[in-house]
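The values are calculated or read from the model by the stated rules, or taken from the named source; none is laboratory data. As the structure is a computational prediction, the values presented were derived from the model and not from experiment. In this analysis, Cβ positions are derived from the backbone assuming ideal geometry, glycine residues included, and neighbour counts consider all displayed protein chains. Heavy atoms of the whole protein, side chains included, go into the accessibility calculation; ligands, DNA and RNA do not. Shrake-Rupley method; radii C 1.70, N 1.55, O 1.52, S 1.80 Å.
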Amino acid sequence: SSPAEPSSPAEPSNPAELNCPPELTSPGELSLAQRSSAERSSVQPSSPAEPSAAATTITRARPVIHVSIAPTLNKLPVLEPAVVRRDALQQLLELLDLSMDDALVLLETSRWDAEWAAQKFFEVSDPGSLGISPMPVAIPSATDMQRCPACLDMFTPAQSSSLPCGHHMCTTCWSRYVQSGLNGGLAFVKATCFEAGCKERMRRSMVEAWGTAEDLERYDELMLMSVRQSHSLVRCPTASCTLTLARGDHYGDAACPCGHVFCSQCLGPPHEPLSCQAYAQFQAFLREQAQLQQAAADRLR
């Protein structure tokens, strides 16, 4: 008889012994699972792989980016009103054959723009409508006695004066007219003749003749204030700074060359993005809250 073939080792009937899933129950599947288990057990475990660059990028903390929303400050240029007045006066006198008094009046009515003043002068048929009468001064006869329309006193021609329109008034009343007008502030730079309906404008030389040295200095200051308003000029609000800045069409926070930062509209502390009105209301609210807190603290004492 032929020798008996060696019997193959009995295969385990428990799938758990091969670390196989319990659903692998057929003998063929168990053998395949057994071989796979043996192959896995023969492989030496490898050292843990280094993390990839992509994984490093993903796990690395993202940098924090700080975005500033502070407004960009506008550095206002320095522009002195006296320089504006001087340059405009010089330019207008080169364009028109006018006296300095008439040129100053015409510039004041034209926002201190020489070209605009010249254009207005050529466009109107009656320069008197601009406050500069082309008619010579009507001088009364040396023997004529007239009554002052203001104080009703009689005066001689030597005791009276007038603007180029020819409406006379005694010099005493003209002096009072100048001083009372200067006390009224900036409106005096637009002052006209005392005669009702007369548009003749006050002249600098008349202020010099009828007023004091202090009156003339005050009048010049008012003229410079008119220049500031016309060109949107503002003084730096810092007490130690004397610069005048050209605000122009800029609205919001601005900076002076001295380094002071302020609101170009209300000249208070910078408060963007709040409007000047909203900032004032907020400050009033803070003051009210501080008063309430102080009152509460006083009651607890």
Inter-site label distance for CYS266 and LEU93 at 7 Å from Cα along Cβ, in nm: 4.3
Those lysines that a straight Cα-Cα span of less than 18 Å connects to LYS190, excepting residues fewer than 8 apart in one chain: LYS120, LYS199
Hull shadow area, averaged, segment 238-301 [alpha-carbon convex hull, nm²]: 6.1
Gained length - ALA284 relative to ALA158, 0.36 nm times residue gap less alpha-carbon distance: 39.4 nm
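Rounded to the nearest 20 Debye, what is the dipole magnitude of segment 180-225 about its Cα centre when Lys and Arg each give +1 and Asp and Glu each give -1 at the C-beta? Don't jump to the answer; show the numbers that get you there.
Details: 6 positive and 8 negative charges, 54 e Å.
So the magnitude is around 260 debye.
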1.4 Å probe accessible area per residue over segment 151-205, in Å²: 46
Spin-label zone in segment 81-102 - amide nitrogen under 18 Å from a point set 7 Å from the Cα of LYS120 along the C-beta vector: 84-102
Distance in nm between pseudo-label sites at GLN294 and ALA246 (7 Å out along the Cβ direction from Cα): 4.5
